[in-house]
Amino acid sequence: MASEKITKASTHVSQDEGLLFERSAAGKWGVALPDCDVPRVSPEQLLDRKLLRETIEDFPEVTEVDVVRHFTRLSTWNYAIDLGLYPLGSCTMKYNPKINENVARIPGLAHSHPYLPYSLVQGNLKIQHLLMECLKEITGMDAVSLQPAAGAQGELTGILMIRAFLESKGNPRTYILIPDSAHGTNPSSAAIAGYQVKNLKSGERGCIDPAVLRTAMTDDVAALMLTNPNTLGVYESDLVEIIEIVHSRGGLVYMDGANMNALVGITKPGNMGVDVMHLNLHKTFSTPHGGGGPGSGPVAVKTPLEPFLPTPVLEKNEEGLLLYNFNRPQSVGRVRSFYGNFGMHVRALAYTLANGPDGLRQTTEDAVLNANYIRSKLQGVYDLPYSSPSLHEVVFSDKLQSKFGVSTMDIAKRLIDYGFHPPTVYFPLIVHGALMIEPTESESLDELDEFVHAMQSIAEECEQNPELVKGAPHHTRVRRLDEVGAARHPILRWKPDSK
Ligand SMILES: *Cc1c(COP(=O)(O)O)cnc(C)c1O
């Protein structure tokens, strides 16, 4: 019965298991180049004989068509946003419009060398400058650095700036307050910047409790680091009071802006009193992400923190020429080579300008609508631990299914059989067995309905045939992987004898 519903995943099993990964055979050739008509220098003339290899062990011998088919086949064994919904909560896996790729690949942009003189790259710098202006407008902040290459690096840069700012006032202080719902990068960024982390326990609604904060906010606290909407997808409705409490004791407020997909075009963290924040261009601004990069995590600050921005800082001189200023004595220094991941800046600007202010607002509204559609359809089918209104993502738990011995991990794996990427699981930590679903605005009603249907079917299976769910995935090339082992002891190269 279940297999009838399984449609999309079928591409993963179109080749039977007898298909060998190994395609190499002695004597196969991939190229046939004409003889070289340049006088040859023998290798011995260039290198010591001892350094030369006669043969290369395990070097595959394959034809060109073997190579093309091998990699094309591998690509179909994977999941991608270009195949379907990718509801990985907190990660904002929205569709990346192809026009952005075309723009980023314009040769003048893609091939320009970072050492070109400023006079020859005014267009590139204008792209960065315009993006900075857009991000200032969107966030309500006063200054931006595009340098950080990831959200986590934006956090580290921001906390280093907070430290430098407080140090300039005489005392960098000792602690950073972080709610227990925070993304794991928050406490690690604070620790790397030399701070000790104090945990703030969330209140009943899953938000920061002003009373708890008031007690924790002492004169040795440098900053509160919060995510808004938080990792439950819930808006911190006491934010103004929260920020007042922190400021009244001389602390600063850092906002993790990875969830800006719920706010863009609606409201601005700068207006709320946030002092420093970062954005994830590779989430909210539709630049590709996954596989470790390249990302972009610009950091935005209020005027008092501007002197501490990473060097160099993009500025316009008196003649209107854009150039990078390295002479910034109070700067926290450089955090990334050259000017950041320029290609991401191009994509983000293309996305921003293509949407315009109304489009960006619509994007946010659709993202929130889609999350709430899923919430209303799955509420009751899955346990909803916090009933506060959801913004762009919704967090369920496995409480109702655990009665049948089925866990969040099993449900996530079963979704793969239905052709969907699983949601984020076991995060935020304050929800036991969390299933964190973020559909984003990219998805049509049809796609959302298919997902809802899959989730409803899995809930039925949990009752009627829990073993089916616990044994999932059934239709992928590999089944349950040792994820921790893969991270701790990565095998990065396939070898014939490791079959
Ligand atoms: C993704 C994310 C981060 C980290 O961003 P990276 O680019 O992966 O370093 C930080 N905080 C939250 C809430 C996130 O969702």
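The values are calculated or read from the model by the stated rules, or taken from the named source; none is laboratory data. Quick caveat: nothing in here was measured; it's all calculated off a predicted structure. Cβ coordinates were reconstructed from backbone atoms using ideal geometry, including for glycine residues, and neighbour counts include every protein chain displayed. All accessible areas refer to the heavy atoms of the entire protein, side chains included, with ligands and DNA or RNA removed. Shrake-Rupley method; radii C 1.70, N 1.55, O 1.52, S 1.80 Å.
For region 219-238, state whether one or more residues are outside any loop (DSSP other than H, G, I, E, B), open to solvent by less than 20 Å² (accessible area, probe 1.4 Å), within 12 Å of the ligand (Cβ to nearest atom) and among the small types (Gly, Ala, Ser). Walk me through how you get there before you give the answer.
Let us first name the residues in region 219-238 that are outside any loop (DSSP other than H, G, I, E, B), namely 221-227.
Adding the requirement that they be open to solvent by less than 20 Å² (accessible area, probe 1.4 Å) leaves 221-227.
From the residues that got through so far, the ones that are within 12 Å of the ligand (Cβ to nearest atom) too are 225-227.
Among the residues that remain, those that are also among the small types (Gly, Ala, Ser) are: none.
No, region 219-238 contains no residue that is outside any loop (DSSP other than H, G, I, E, B), open to solvent by less than 20 Å² (accessible area, probe 1.4 Å), within 12 Å of the ligand (Cβ to nearest atom) and among the small types (Gly, Ala, Ser).
Just one residue in the set 162, 178 is of a type outside the set (S, T, N, Q), under 30 Å from residue 371 (Cα atoms), crowded, with 24+ Cβ neighbours inside 10 Å and touching a residue at least 12 places away in the same chain (Cβ under 8 Å); that residue is 178.
For the residues 160, 166, the requirement of being within 16 Å of the ligand (Cβ to nearest atom), over 27 Å from residue 419 (Cβ atoms) and at pLDDT 95 or above singles out 160.
I'd like the full set of residues that are in contact with a Phe, Trp or Tyr (Cβ under 8 Å, 6 or more places away or on another chain) and farther than 15 Å from residue 270 by Cα, limited to region 225-252.
Taking region 225-252 first, the residues in contact with a Phe, Trp or Tyr (Cβ under 8 Å, 6 or more places away or on another chain) are 225-226, 228-229, 231-232, 234, 252.
The answer is 231, 232, 234.
The residue list 187, 172 contains one member that is modelled with pLDDT of 95 or more and open to solvent by less than 40 Å² (accessible area, probe 1.4 Å), which is 172.
If you go through region 45-61 and pick out every residue that is more than 45 Å from the chain's Cα centre (by Cα), among the hydrophobic types (A, V, I, L, M, F, W, C) and not in a loop (DSSP other than H, G, I, E, B), you end up with 1. Pairs linking a residue in region 80-102 that is closer than 14 Å to residue 437 by Cβ and within 16 Å of the ligand (Cβ to nearest atom) to a residue that is hydrophobic (A, V, I, L, M, F, W, C) and open to solvent by less than 90 Å² (accessible area, probe 1.4 Å), with Cβ atoms under 6 Å and 6 or more positions apart or on different chains, are 86/93; 87/437; 89/436; 89/437; 93/81. Restricting region 474-499 to residues that are surrounded by fewer than 10 Cβ atoms within 10 Å (Cβ to Cβ) and assigned to a helix (DSSP H, G or I), the residue that is modelled with the highest pLDDT is 488.
Tally time: how many residues in region 292-313 are among the acidic types (Asp, Glu) and either within 11 Å of the ligand (Cβ to nearest atom) or within 23 Å of the chain's Cα centre (by Cα) (or both)? Lay out the reasoning, then the answer.
Initial filter on region 292-313 (among the acidic types (Asp, Glu)): 306.
Applying the additional criterion that residues be either within 11 Å of the ligand (Cβ to nearest atom) or within 23 Å of the chain's Cα centre (by Cα) (or both) yields none.
The total comes to 0.
Of all residues in region 260-282, none that is over 21 Å from residue 94 (Cβ atoms) and within 11 Å of the ligand (Cβ to nearest atom) has its Cβ atom under 7 Å from the Cβ atom of a residue that is in a loop (DSSP other than H, G, I, E, B) and hydroxyl-bearing (Ser, Thr, Tyr), 6 or more apart or on another chain. The set of residues in region 26-43 being more than 29 Å from residue 68 (Cβ to Cβ) and surrounded by 10 or more Cβ atoms within 10 Å (Cβ to Cβ) consists of 43 alone. Residues that are at pLDDT 95 or above and open to solvent by 60 Å² or more (accessible area, probe 1.4 Å) number at least 1 in the following helices (runs of 4 or more DSSP H) confined to region 379-473: 399-402, 445-464, 466-470.
The residue that is most open to solvent (accessible area, probe 1.4 Å), counting only those in region 303-317 that are in a loop (DSSP other than H, G, I, E, B) and out of contact with any Gly (no Cβ under 7 Å at 6 or more places or on another chain), is 317. For beta carbons closer than 6 Å, sequence separation of 6+ or different chains, a first residue in region 326-344 that is part of a helix (DSSP H, G or I) and a second that is not basic (Lys, Arg), the qualifying pairs are 343/104; 344/281; 344/287; 344/296.
Which residue pairs have Cβ atoms under 9 Å apart, sit 6 or more places apart or on different chains, and have a first residue in region 115-126 that is open to solvent by 70 Å² or more (accessible area, probe 1.4 Å) and a second that is aromatic (Phe, Trp, Tyr)? Cβ pairs passing all conditions: 115/338. Residues in region 281-299 that are out of contact with any Pro (no Cβ under 8 Å at 6 or more places or on another chain) and not basic (Lys, Arg): 284, 285, 287, 288, 289, 290, 291, 292, 293, 294, 295.
Does region 271-282 include one or more residues that are open to solvent by 50 Å² or more (accessible area, probe 1.4 Å), within 20 Å of residue 255 (Cα to Cα) and outside any loop (DSSP other than H, G, I, E, B)?
yes
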